[in-house]
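Worksheet for the structure shown next.
The values are calculated or read from the model by the stated rules, or taken from the named source; none is laboratory data. Please read these numbers as outputs of a predicted model, since none were measured by experiment. Note that we place each Cβ from the backbone using ideal geometry, even for glycine, and neighbour counts take in every protein chain shown.
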Amino acid sequence: MKKYGKFAALVVVIVGTLAWLAFSGSGQNGTYYKTVAELGQMGSQAYGKRLRVGGDVENGSIRRVGQETCFRLNWEGKTLNVAYAGTDPLPDTFRDGAQALAEGKLGTDGTFHANKIQAKCASKYESKPGAQPGMNPNINSGKKAST
């Protein structure tokens, strides 16, 4: 009987440790996706929390200031100044008008200090004007190329 008691105690300790690690880690790494408008509605509750904020990069707002890249996110008429000082390079699709997610914390100065940026350029995935969906404009329409 003692053999099974020791084994059961070991299993309880291992499962308990894993559950504690999962629970304590989820609170620190949890980020919440908010739009710029929703972030404004949070008021002072948003300060210091780790958040993800999404919106459209405002045209002409991207600029380098020292080691930071500063830009504005726009959503439903609300704007948010973002300062990115992360170590990763910005995505290729990060440009004016792109949809972007900034991950970081809102400072008391009203600027969102991001350490990670994700971007998607919607126009990259849309078909060209006049093209039908699923049509590849690079494929020749059955005609032989002239030599």
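Contact list please: Cβ distance under 7 Å, first residue in segment 26-52 and at positive phi, second residue modelled with pLDDT of 85 or more, pairs at least six apart or on different chains.
From residues that are at positive phi, the pairs are G48/K105.
Exactly one condition in (1) at pLDDT below 85; (2) within 30 Å of K116 (Cβ to Cβ) is not met by Q41; state its number.
Result: Q41 passes all but (1).
Within segment 67-104, track down each residue that is assigned to a loop (DSSP other than H, G, I, E, B) and under 20 Å from K49 (Cα atoms).
Passing the criteria: A85, G86.
Out of G60, G55, I need the residue that is at pLDDT 90 or above, of a type outside the set (A, V, I, L, M), over 18 Å from the mean Cα position of the chain (by Cα) and closer than 20 Å to K120 by Cα. Which one?
G60
Select, from D92, D56, D88, the only residue that is farther than 16 Å from H113 by Cα, acidic (D, E) and surrounded by fewer than 14 Cβ atoms within 10 Å (Cβ to Cβ).
D92
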